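To keep things clear, I will list the structure first and then write my remarks on it.
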Amino acid sequence: MNNKKRLFSYLKPFKSLLILSMVFALFFVISQLSQPFLLGKALDASRAKNVQDFYAFVFMALGLVLLGVIADYIFEVLVMNVSQKMIKKMRDDLYIKINNISIKDFDMKKHGDIVQLEIKDMENLASGIFAIFKTLLQGLLTIVITILMMMLVNWILAIGVILLSPLSMVMARIISRFSRKHYKKQSEIQAKIASISLETLNNLDVVQSLNYEKESLEKFKQANEELRREGRITQFSAGWVNPSTRLVNNTIYVIIGVVGIILLSYSGELAIVYAVMSIGRLSSFLNYTNQYSKPFNEVSSVVSEYENAKASLNRINAFLNLENDVDDGKEEIGSIEKIEFRNMSFSYDPNIKLIENLNLVIRKGHKVAIVGPTGAGKTTLINVLMRFYDPTSGDILINDKSYLSIKKESLRDKIGMVLQDTWIFSGTIFENIAYLKKDATLEEVKEAARKAHADSFIDVLKDSYQTRISSKSGLSEGQKQMLAISRVMLANPDLIILDEATSNIDTRSEKYINDAFDNMTKTKTSIVIAHRLSTIVSADNIIVMNNGQIVEVGKHEELMKKKGFYYSLYSSQYR
């Protein structure tokens, strides 16, 4: 969807409000443009010593001033209401899009760039829509009605103004075309700075521990200096639009004034209809000349908002145009009885092979461990199983059905994951544990925490399970991991995936948690990825991977007797 269609699709639900705002804009413009005509009449009445008509025209002008103020206020309220509602809907859709795009597309985006879309770009668009809509709508009405009024006062001068006015539009067009590319570049650099700041904030402890503050600051300064240079060019170019159009419009004003004076001097000798000029008519017409040029000046004054809004809309629309995560699955599954990798191949980059022709069967109730050196494809295997990525060839069967035919939601609902990198959101401990089971009772949450041995630190907190936490709240990595394990314990899924799930937990707690997992997985399937091979010696099956291939399969004792690749891995940890 292109930018125009996207924008109109968001404006369409507010069609009635826009029409109503146009009515009030029309009231405002008519009230504004009637005043010069009435004051011109009042001036002529004053020169003719017609006091009654003079006061009548003056009071009518004052009444229109009051009407115009009220109409303009209502118009601005309506336009602001439309722009804010539209931006809210667009921001909601953007957040929905973040959750709907594939992990592959998400991994290719800088998180700071996405934050820039949600906040800065949305604000740019909201400000631009309000400024442009107000300026364009009132401006167009002003131009049309001013032409009619000028024709009514003096058609010869009106034609002169109409013929000369395109000069200011040409001037504004030339300058805005130059500044447009700089506004786009400026928006990109702003996103870059947001990414740098977010990266530093999320990893401040690492930055300080590695004494990386100076390098981080230098990186930020370079981007900030780049933004300053680009912003200077942008503002300089945009700053020329208003003065240049005012120069043209003021020149037109002087030319029309001179021609009007000439017509006034020869008004008694000219017989052309409406060419006859009076002082009141000349005063009114010069006012209309200013009113006519005013929309062009106002458009040039909001060119920066327009270019900013356009650049932001380009970025927002490009993100919303990303393909949603493909889910062709139609079937629901009850429970996971069997998982089979059949000639499954996968690689992130077609030119770099990773997992090739993998054949593996995992049955219900089995504890399967996947081991191997870094880069062997262990976590990638889990990413494919979770359908974060789909196989490049081959298939994965769940209960003898292609998992591509199963709804992703149904598949993932049966799987619980605990990763080495824990995920804690801002909320209470209770909410964090009950995240996968919204109807969980306090007793159920406490039982899950007890199994994960998280109760040992939760019970000593002042507010216990109602303690508010966040990813940076001061909890240790081990405590966060215990909460993540508690979450899975409570959800009680069919398949449990543990990717170095106890890597941040002390040895004593690790033993208790592994015992709890063993009890929980007696009738369930579990897949464990481990680097500490001592934690998986009791596994029903150990899959040994290297360079994307399964090189050995068997129990711990069997593999040790073979004295192959697994033996060398295990022995290296005890040398």
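Nothing in this text is a laboratory measurement; each read-out follows from the coordinates by a stated rule. Model, not experiment: these values are computed from the prediction. All Cβ positions, even for glycine, are placed from backbone atoms using ideal geometry, and neighbour counts span all protein chains on display.
Figures for the structure shown
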read-out	value
Which of ALA48, SER34, VAL58, positive extreme of dipole for the range 1-107 (C-beta unit charges)	SER34
Gained length - LYS472 relative to TYR212, 0.36 nm times residue gap less alpha-carbon distance	91.6 nm
Selection of GluC sites (Glu not before Pro), the range 337-379, meeting DSSP coil and at most 15 other Cβ within 10 Å	GLU337
For the range 338-572, size of Cβ-based charge dipole, Lys and Arg +1, Asp and Glu -1, in debye	240
Label-point gap, in nm, between ASP400 and LEU436 - each point 7 angstrom along Cα→Cβ	2.8
Spin-label pair LYS89/VAL51, simplified geometry with 7 Å Cα→Cβ offset, distance in nm	5.9
R0 of 30 Å, Cβ-Cβ distance ASN314-VAL69: FRET efficiency to nearest 0.05	0.20
Most to least packed among 71-84, 14-27 [average Cβ atoms within 10 Å]	71-84, 14-27
For the range 338-572: relative contact order, % (alpha-carbon pairs under 8 angstrom, 6 or more apart)	28
Assigned charges on the beta-carbon of Lys, Arg, Asp, Glu; the range 362-440 dipole about Cα centre (debye)	260
Sequence-distant residues sharing a close amide H with ILE101 (under 5 Å, placed H)	ASP325
Gain on full stretching of the segment that runs from ASN492 to SER464 - 0.36 nm per residue minus C-alpha separation	7.8 nm
DSSP-assigned coil residues among trypsin sites (Lys or Arg not before Pro) in the range 437-471, each with at most 10 further Cβ atoms within 10 Å	LYS438, LYS462
Cut-off under 5 Å, modelled amide H: who pairs with GLU331 long-range	ILE406, LYS407
Built amide H within the under 5 Å cut-off of ILE469, gap 5+	GLY427, THR428, ILE429
Two-site FRET efficiency, SER571 against GLU443, from Cβ-Cβ distance with R₀ of 51 Å, rounded to 0.05	0.65
Candidate aspartates and glutamates for bridging to LYS330, where Cα separation is under 12 Å - those fewer than 8 sequence places away on the same chain excluded	GLU409
Label point distance in nm, VAL254-LYS330, each placed 7 Å from Cα along Cα→Cβ	7.7
Within straight-line cross-link reach of LYS97, aspartates and glutamates at Cα separation under 12 Å, skipping those fewer than 8 residues along the same chain	ASP105, GLU118, GLU323, ASP325
Full-stretch length increase - ASN351, PHE457 - with 0.36 nm per residue and alpha-carbon distance subtracted	33.3 nm
Note, ³J(HN,Hα) from phi for the range 563-568, Karplus 6.51, -1.76, 1.60, rounded to Hz, x at Gly and Pro	6, x, 5, 4, 4, 5
Reduced Cα scattering model of the range 338-572, Debye log10 I(q)/I(0), q = 0.08 Å⁻¹	-0.31
